[in-house]
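Novice: I have a structure here, written as structure tokens, and I will follow up with some questions on it.
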Amino acid sequence: QVQLAESGGGLVQPGGSLRLSCAASGNIFTIYDMGWYRQAPGKQRELVATITKGGSTNYADSVKGRFAISRDNTKNTIYLQMNSLEPEDTAVYYCNADLQLSPFRLRKDYWGQGTQVTVSS
């Protein structure tokens with residue numbers, strides 16, 4: 001059983017900062033890409049940022065220069081530092097991990113339950 005546990009969401013004023021964390025646990029053989037996605041009310045889920053096992057990153061244009069994704073492979077954990085938050089960043093943020101449970105099994109995507117981020121004055 002794999003679990004992705006997200007934390008760090010909350011209510012913040014425009015211009016403020018938040019740091020999200022996502023820890024993967026379970027009988028995991030290897031984790032490949034990990035990332036953050038978000039879904040605002042009435043909208044489709046969208047990519048925020050991803051990071052490979054080697055540390056290469058990719059960002060949505062809307063968050064470039066404001067958000068930073070990082071990863072600690074020793075803890076199977078990723079982080080999302082969110083600065084200069086805007087009301088448009090309000091959404092449920094989901095953690096994603098592409099991983100293998102054993103060398104004999106296929107890679108599979110797993111998702112966390114999501115954490116709410118609300119940017120409002």
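The values are calculated or read from the model by the stated rules, or taken from the named source; none is laboratory data. Because the structure is predicted, anything quoted here is derived from the model rather than measured. All Cβ positions, even for glycine, are placed from backbone atoms using ideal geometry, and neighbour counts span all protein chains on display. Heavy atoms of the whole protein, side chains included, go into the accessibility calculation; ligands, DNA and RNA do not. Shrake-Rupley method; radii C 1.70, N 1.55, O 1.52, S 1.80 Å.
Novice: Of all chymotrypsin sites (Phe, Trp or Tyr not before Pro) in the range 28-121, which ones are in loop regions per DSSP and have a Cβ with at most 10 other Cβ atoms within 10 Å?
Specialist: Here the chymotrypsin sites (Phe, Trp or Tyr not before Pro) that fit, given the DSSP loop and packing criteria, are PHE104.
Novice: Next question, about the same structure. Can you tell me which of ALA60, ALA68, ALA23 moves the most in a GNM of the chain? Springs connect C-alpha atoms under 10 Å apart.
Specialist: Fluctuation is largest for ALA60.
Novice: Could I ask something else about it? If I stretch the segment between SER17 and ASP109 completely, what's the gain in nm (0.36 nm per residue apart, minus their alpha carbon distance), one decimal? Can you show the working numbers first?
Specialist: Working: separation 92, 0.36 × 92 = 33.12 nm, distance 2.84 nm.
Difference between extended and current length: 30.3 nm.
Novice: Another question, then. Order LEU11, LEU106, most accessible first, counting only protein heavy atoms with a 1.4 angstrom probe.
Specialist: Largest accessible area first, the residues go LEU106, LEU11.
Novice: Could you give the length gained by full extension between SER84 and LYS64, i.e. 0.36 nm per residue of separation minus their alpha carbon distance, to one decimal place?
Specialist: Here the answer is 6.1 nm.
Novice: Oh, and also: Under the rule of at least 5 residues apart or a separate chain, name every residue whose amide H is placed under 5 Å from the amide H of GLU86.
Specialist: For GLU86, the qualifying residues are GLY15.
Novice: Then there is this: Quick one: accessible surface of LYS108, probe radius 1.4 Å, all protein chains present, in square angstrom to the nearest 10.
Specialist: 110
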